[in-house]
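Asker: What follows is a single structure, and I will ask about it in a moment.
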Amino acid sequence: MIGQVQTDARERPLEFRDRRDNLAILGFWFFLGSDVVLFSCLFAVYAVFQGRVAAGPTPRQLISLGPVLVETVALLTSSFTCGLAIAAMRRGRTGPLAAWLGVTMLLGAGFVGMEIHEFATDVRLFGTWHQSGFLSAFFTLVGTHGGHVSFGVLWGAALLVLLWRQGLTPRVARRLYTFSLYWHFLDIVWVFIFTVVYLAGKIT
Amino acid sequence: MPHARKTERGLLSLGGLLLLPRFEHSSGPWPQIVGYALSLLLTLAATLLVVHHLIAPLYLPAVILFLAVLQAGIQLGLFMHLREGVGPSWQIVALVLAGIVALGIVIFSIWIMAFKSGVS
Amino acid sequence: MTHLLAQLFPPSVLRPMELGADASIVIATVAIAAFLTRKRRWGWLWREWLTTVDHKKIGIMYLIAAMLGLFRGGVDALLLRTQLAVPQNTFLGAEHYNEIFTTHGTIMVFFMAMPFIFALFNIAIPLMIGARDVAFPRLNAISFWLFAFAFLLFNMSFVVGGSPNAGWTAYAPLTELRFNPSVGENYYLLALQISGIGTIATGINFLVTILRLRAPGMTLMRMPLFAWSALITSSLIIFAFPALTVALALTMLDRLFGSSFFTIGHAGMPMMYVNLFWIWGHPEVYILVLPAFGIFSEVVATFSGKALFGYPAMVGSMIAISLLSYGVWVHHFFTMGAGAAVNAFFGISTMLIAIPTGVKVFNWIFTMWGGRVRTTCAMLWQLAFIPTFVIGGATGVMLAVVPGDYQFHNSYFLVAHFHNVLIGGVVFGLFSGLYYWWPKMFGYTLNERQGKWAFWFFLIGFWVTFFPQYLLGLEGMTRRIYIYPHGLGWSLPNLVSTGGAYAMGVGFVILVYSIAYSARHKDLDLTGDPWDGRTLEWSMPSPAPEYNFAVLPKVSTRDAWWTMKQAGRTSIRLGEIEPITLPKNTGMPFLLGLSFFVAGLGAVFSWWPVALAGLGGVLALLVWGWFVETGDHVIPAHEVRRSETLPGRLEA
């Protein structure tokens with residue numbers, strides 16, 4: 001079917017059948033475009049501030065790759081399970097959809113938990129972000145992503161309840177679809193954070 | 001205004017492959033599995049490159065950034081069904097613009113904030 | 001308790017001028033409340049306005065807010081000019097002056113120009129592209145209420161807690177807690193952040209509306225130019241506003257949560273704030289002026305009785321301007337010293353913008369060439385705009401020359417320049433649009449005679465105000481000084497400039513009087529097409545009915561309504577009219593705005609339980625919105641028929 005124009009609404013996936021849902025999905029893409037720019041500003045701040053360490057730690061001192069790799073795998077896996085959830089939705093199978101979405105939420109919550117633990121450890125070892133411009137930029141960039149993921153976990157949980165209460169209607173399917181776009185997008189942002197902040201921070 | 005219509009159709013066919021609406025009806029979770037495996041692989045590769053100093057530090061940032069861009073492409077293509085939509089896929093135009101703006105902000109900010117250009 | 005009172009009412013809000021303003025606010029509020037109660041209009045207010053999702057009513061509410069903003073910002077301007085009228089004046093103190101120029105700039109940009117633009121987008125865009133509604137009606141209402149409550153929050157500052165005082169640009173380190181411990185800057189940060197969320201939502205809304213909801217046959221290259229300008233402005237909004245969000249957020253983190261972004265002692269970097277602010281700030285200039293360009297393009301074609309000259313070039317030049325606008329931001333801080341290469345790059349990119357802008361100016365002139373120009377009020381603003389804006393643009397190019405900028409920077413030359421483009425471009429454009437679309441909003445035209453008085457007072461006042469300021473800049477007067485000595489040669493130009501400012505004030509008063517007069521002595525527009533218009537909004541009765549189009553038009557050319565009139569295809573067949581489904585009103589957007597207001601107020605005073613309660617309200621309302629669909633209501637066909645009979649367009 002790939003590559004063909006489909007005009008018959010009934011042949012489209014559930015979330016694309018209603019006119020309003022179509023509009024909402026496009027609008028959500030534009031929101032993601034806006035969020036790309038938001039993160040790019042934070043990346044710019046980080047890039048400019050990474051050498052401005054004052055009396056605080058340098059990136060190399062601050063970062064330990066071990067825990068971050070676990071966080072990364074958790075988030076990559078959650079993106080995968082989120083993809084499986086949408087694939088199940090496309091086949092109209094509500095049970096696997098809810099199950100994969102639940103797993104996604106658990107992995108997301110685990111990611112947030114690990115990140116909070118990482119931050120707490122950083123603060124214990126090196127002090128708060130008041131220390132330096134670098135620490136401020138680090139916590140803000142990584143924390144903004146973490147905040148997005150936390151919001152996503154709440155959102156996904158609310159959608160699970162919505163799915164349970166209302167069943168797989170076109171409207172619910174669209175909400176799940178836009179949620180999946182959000183979740184994969186956060187995965188992309190994380191890949192860049194992992195690369196620019198964590199990996200590059202370890203290069204001498 | 002036949003000319004205007006032609007221009008617009010031309011624009012659409014220019015991006016032909018990209019801008020045509022389409023939906024993915026996959027029979028199994030294979031795209032997801034492939035995407036997941038590739039993203040794990042790329043993450044691992046980047047990490048190993050850094051940890052084991054496999055490339056000269058001068059080129060290392062560029063290489064791992066390239067791997068990150070590849071991963072982003074995998075997410076967009078295999079997980080996010082980037083091209084799906086009814087009507088022209090304006091989201092692609094928006095994302096391309098967002099990407100250009102984002103890249104501009106980062107690169108120019110670094111350049112400006114270095115306070116080192118030219119004779120100062 | 002005394003501590004709380006001291007925090008809420010510091011000396012800066014207890015000056016006679018502030019107390020006088022307090023008293024008039026209280027009197028006005030009581031008067032409005034008494035009026036609503038006596039006329040039993042509270043229920044009407046809630047049902048018809050506060051809960052509405054109709055884009056035209058939302059547009060009118062934006063317009064009312066913009067006029068209030070123009071009043072507040074204008075009074076601020078007059079206070080500033082009064083202080084500067086003569087040397088060694090003691091009318092305002094230094095601190096008071098700082099506060100007033102801060103609120104003047106902030107309000108004029110965020111709470112006058114932006115809502116004015118959104119007012120005209122909301123009122124005209126769906127009608128021009130042949131749509132029943134915007135893409136997301138409820139989100140549209142949410143945008144408005146976020147804006148409205150942010151406006152309220154910002155204006156509260158001078159009554160409770162103290163005004164912001166670091167300029168509308170709020171540069172660090174002037175905004176850092178150590179140097180600026182009052183809550184004024186918190187008001188600035190939170191209010192702009194809240195309205196910024198609404199602005200991004202509006203951008204997304206109009207992008208989707210224009211890209212997806214055009215009438216059948218209306219290709220992009222057949223859209224009215226104002227729709228093009230809205231499309232491009234919206235794309236600028238969604239890619240530029242995040243930079244402001246980040247700039248404000250970093251300042252807020254520094255002030256409220258102890259980070260060190262802009263603290264030099266901790267290796268922070270205040271220049272990064274300036275950089276981020278103008279990454280947003282320059283596209284913002286075009287977010288403001290492109291809609292005005294769109295308005296002028298409609299007005300000049302209509303009142304010249306000709307199709308717009310060079311339509312593809314007009315579209316192309318707007319796209320070129322929007323792309324270039326992302327690459328020029330350093331020209332706001334050449335003197336920061338980023339170096340010769342950076343400054344040369346951004347100086348040249350800035351000058352490039354003059355090229356597409358010049359293309360537009362010539363196209364407007366060529367549209368009038370050979371046309372039958374009618375000098376209505378809307379057209380007068382257009383005619384005044386062209387020379388005014390050209391001079392403002394030319395002084396802009398002078399400022400783009402880097403070595404020159406080292407002389408002009410932060411002088412009154414700069415002040416004159418940006419008022420020249422922002423008033424001569426944006427405000428003139430918005431006034432033109434106001435006169436042009438007023439009948440479509442309210443069903444009657446504004447009084448032309450009074451409108452011309454307002455126009456001449458405002459235009460002459462404008463030149464008398466700002467031309468001397470160019471001279472003052474060249475004489476070395478820097479911006480934001482509140483006092484100056486005798487004998488510098490600044491006295492006369494300053495006095496003249498103040499006189500001009502008062503003339504502009506008189507123009508504004510005449511405009512407001514004229515609106516009130518026209519509302520009482522209605523010159524009704526029964527045709528729906530008072531200007532012999534060219535675009536689809538003139539194909540429907542005035543004021544535009546709730547459902548916009550009885551039957552969605554089919555478009556085959558540019559200037560669709562003009563073509564229909566030429567071909568005699570202006571009537572609607574009775575049989576074609578069907579029941580129309582529209583979304584129901586909902587109180588959720590208003591409550592969401594209120595929750596954001598509570599959260600913002602809590603954050604301003606660092607009352608964290610209050611802030612969290614507000615945020616909790618926000619989340620609860622969002623989730624409630626997912627679970628409870630508001631639903632639609634249907635306008636039966638006979639009602640549509642009844643409201644369509646009036647202009648005599650219905651045929652059996």
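Asker: Tally up the residues in the range C:414-463 that are open to solvent by 10 Å² or more (accessible area, probe 1.4 Å) and more than 23 Å from C:P283 (Cβ to Cβ), please. Don't jump to the end; show me each part of the working.
Answerer: In the first step, residues of the range C:414-463 are kept if they are open to solvent by 10 Å² or more (accessible area, probe 1.4 Å); the result is C:414-415, C:417-419, C:421-423, C:427, C:438, C:441-442, C:444-445, C:447-450, C:452-453, C:456-460, C:463.
Narrowing the set further to residues that are more than 23 Å from C:P283 (Cβ to Cβ) leaves C:438, C:441-442, C:444-445, C:447-450, C:452-453, C:456-460, C:463.
Matching residues across the range C:414-463 total 17.
Asker: I'd like to check something: does the range C:19-38 contain any residue that is within 30 Å of C:W438 (Cα to Cα), in a helix (DSSP H, G or I) and open to solvent by less than 30 Å² (accessible area, probe 1.4 Å)?
Answerer: yes
Asker: Could we say that A:F119 is part of a helix (DSSP H, G or I), touching a Lys or Arg at 6+ places or on another chain (Cβ under 6 Å) and within 14 Å of chain C (Cβ to nearest Cβ) here?
Answerer: Criteria not met by A:F119.
Asker: Test of understanding: among B:G104, B:G85, which residue is on the phi > 0 side of the Ramachandran plot and in contact with a helix residue (DSSP H, G or I) (Cβ under 7 Å, 6 or more places away or on another chain)?
Answerer: On the way: B:G104 fails: on the phi > 0 side of the Ramachandran plot.
The match here is B:G85.
Asker: Tell me, which residue of the range A:156-193 that is within 28 Å of A:V37 (Cα to Cα) and away from chain B (no Cβ under 14 Å) is nearest to the chain's Cα centre (by Cα)?
Answerer: Only one residue fits best here, namely A:G156.
Asker: Hey, does the range B:108-120 have a residue that's within 14 Å of chain C (Cβ to nearest Cβ), open to solvent by 30 Å² or more (accessible area, probe 1.4 Å) and hydroxyl-bearing (S, T, Y)?
Answerer: Checked against the condition, which is being within 14 Å of chain C (Cβ to nearest Cβ), open to solvent by 30 Å² or more (accessible area, probe 1.4 Å) and hydroxyl-bearing (S, T, Y), the range B:108-120 yields at least one hit.
Asker: Pairs please, first residue from the range C:629-649 and farther than 28 Å from C:L524 by Cα, second anywhere and part of a helix (DSSP H, G or I) and open to solvent by less than 80 Å² (accessible area, probe 1.4 Å), Cβ atoms under 8 Å, 6+ apart in sequence or on different chains.
Answerer: C:E629/A:R171; C:T630/C:R138; C:T630/C:M588
Asker: Let me ask something else about it. Could you tell me how many of the residues in the range C:242-265 are touching a Leu at 6+ places or on another chain (Cβ under 9 Å), assigned to a helix (DSSP H, G or I) and not acidic (D, E)?
Answerer: 13
For every residue, the table says whether it meets (1) open to solvent by 10 Å² or more (accessible area, probe 1.4 Å); (2) part of a helix (DSSP H, G or I); (3) among the aromatic types (F, W, Y).
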| site | (1), (2), (3) |
| --- | --- |
| C:L153 | no, yes, no |
| C:G167 | no, no, no |
| C:T175 | no, no, no |
| C:F226 | no, yes, yes |
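Asker: Take the range C:134-146 and flag every residue that is within 12 Å of C:K57 (Cα to Cα) and either small (G, A, S) or touching a Pro at 6+ places or on another chain (Cβ under 8 Å) (or both).
Answerer: First pass over the range C:134-146, keeping only residues within 12 Å of C:K57 (Cα to Cα): C:137, C:140-141, C:144.
Of everything in the range C:134-146, those that are within 12 Å of C:K57 (Cα to Cα) and either small (G, A, S) or touching a Pro at 6+ places or on another chain (Cβ under 8 Å) (or both) turn out to be C:P137, C:A141, C:F144.
Asker: Just to be sure before I move on: is C:V274 assigned to a helix (DSSP H, G or I), within 23 Å of the chain's Cα centre (by Cα) and over 25 Å from A:L32 (Cβ atoms) in the structure I sent?
Answerer: yes
Asker: Would you mind finding the one in B:I74, B:I100, B:I92, B:I105 that is touching a Ser or Thr at 6+ places or on another chain (Cβ under 7 Å), β-branched (V, I, T) and more than 7 Å from chain A (Cβ to nearest Cβ)?
Answerer: So the residue among B:I74, B:I100, B:I92, B:I105 that is touching a Ser or Thr at 6+ places or on another chain (Cβ under 7 Å), β-branched (V, I, T) and more than 7 Å from chain A (Cβ to nearest Cβ) is B:I74.
Asker: Still on this structure, I have one more. Can you name the residue in the range C:262-284 that is aliphatic (A, V, I, L, M) and closer than 11 Å to C:A240 by Cα and, of all such residues, is surrounded by the most Cβ atoms within 10 Å (Cβ to Cβ)? I'd like the intermediate steps shown before the answer.
Answerer: Let us first name the residues in the range C:262-284 that are aliphatic (A, V, I, L, M), namely C:264, C:267, C:269, C:271-272, C:274, C:276, C:279.
Checking the rest, the ones that are also closer than 11 Å to C:A240 by Cα come to C:276, C:279.
Working: C:L276: 28, C:I279: 30.
That would be C:I279.
Asker: Now, a different point. Only one of (1) more than 7 Å from every other protein chain (Cβ to nearest Cβ); (2) under 23 Å from B:W111 (Cα atoms) fails for A:R52. Which number is that?
Answerer: For A:R52, the exception is condition (1).
Asker: If you don't mind, another one. In the range C:486-526, what residues are of a type in the set (D, E, K, R), outside any helix (DSSP H, G or I) and open to solvent by 30 Å² or more (accessible area, probe 1.4 Å)?
Answerer: C:K522, C:D523
Asker: Return a yes/no flag: does the range C:364-381 have any residue that is among the β-branched types (V, I, T), in contact with a Ser or Thr (Cβ under 9 Å, 6 or more places away or on another chain), in a helix (DSSP H, G or I) and at pLDDT 95 or above.
Answerer: There is at least one residue in the range C:364-381 that is among the β-branched types (V, I, T), in contact with a Ser or Thr (Cβ under 9 Å, 6 or more places away or on another chain), in a helix (DSSP H, G or I) and at pLDDT 95 or above.
Asker: Based on what the data block shows, is C:G305 within 14 Å of chain B (Cβ to nearest Cβ) and out of contact with any helix residue (DSSP H, G or I) (no Cβ under 6 Å at 6 or more places or on another chain)?
Answerer: In short, no.
Asker: Pull up the range A:1-24, narrow it to residues that are facing chain B (nearest Cβ under 7 Å) and open to solvent by less than 60 Å² (accessible area, probe 1.4 Å), then point me to the one that is modelled with the lowest pLDDT.
Answerer: Out of the qualifying residues, it is A:G3.
Asker: Still on this model: Quick one: in the range C:249-261, of everything that is surrounded by fewer than 19 Cβ atoms within 10 Å (Cβ to Cβ) and free of Cβ contacts under 8 Å to residues at least 60 places away in the same chain, which residue is farthest from the other protein chains (Cβ to nearest Cβ)?
Answerer: Here is the first cut: in the range C:249-261, the residues surrounded by fewer than 19 Cβ atoms within 10 Å (Cβ to Cβ) are C:256-258.
Still in the running and free of Cβ contacts under 8 Å to residues at least 60 places away in the same chain: C:257-258.
Values: C:F257: 8, C:G258: 5 Å.
Step by step, filter the range C:249-261, then rank; the result is C:F257.
For every residue, the table says whether it meets (1) part of a helix (DSSP H, G or I); (2) within 26 Å of B:G85 (Cα to Cα); (3) in contact (Cβ under 8 Å) with a residue 12 or more places away in the chain.
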site	(1), (2), (3)
A:F139	yes, no, yes
A:G147	yes, no, no
A:L162	yes, yes, yes
A:L168	no, yes, yes
A:L176	yes, yes, yes
A:I188	yes, yes, no
A:V196	yes, no, yes
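Asker: With the requirement that a residue be surrounded by fewer than 16 Cβ atoms within 10 Å (Cβ to Cβ) and among the hydrophobic types (A, V, I, L, M, F, W, C), what does the range C:555-571 give you?
Answerer: C:A567
Asker: Against the conditions (1) within 26 Å of C:W228 (Cβ to Cβ); (2) over 25 Å from the mean Cα position of the chain (by Cα), where does C:E578 fall short? Just the number, please.
Answerer: So the condition that C:E578 fails would be (1).
Asker: Hey, among the residues in the range B:59-89 that are free of Cβ contacts under 8 Å to residues at least 40 places away in the same chain and under 21 Å from A:E11 (Cα atoms), which one's surrounded by the most Cβ atoms within 10 Å (Cβ to Cβ)?
Answerer: Of everything passing the filter in the range B:59-89, B:M80 is surrounded by the most Cβ atoms within 10 Å (Cβ to Cβ).
Asker: Also: Select from the range C:572-587 the residues that are in a loop (DSSP other than H, G, I, E, B) and surrounded by fewer than 14 Cβ atoms within 10 Å (Cβ to Cβ) and list them in ascending order.
Answerer: C:E578, C:P579, C:K584
Asker: Moving on. Tally up the residues in the range A:47-70 that are in a helix (DSSP H, G or I) and either crowded, with 22+ Cβ neighbours inside 10 Å or of a type in the set (V, I, T) (or both), please.
Answerer: The qualifying residues number 4.
The values are calculated or read from the model by the stated rules, or taken from the named source; none is laboratory data. All of these numbers come straight from a predicted model, not from anything done at the bench. As a convention, Cβ positions derive from the backbone with ideal geometry for all residues, glycine included, and neighbour counts pool all protein chains shown. For accessibility, only protein heavy atoms count, side chains too; no ligands or nucleic acids. Shrake-Rupley method; radii C 1.70, N 1.55, O 1.52, S 1.80 Å.
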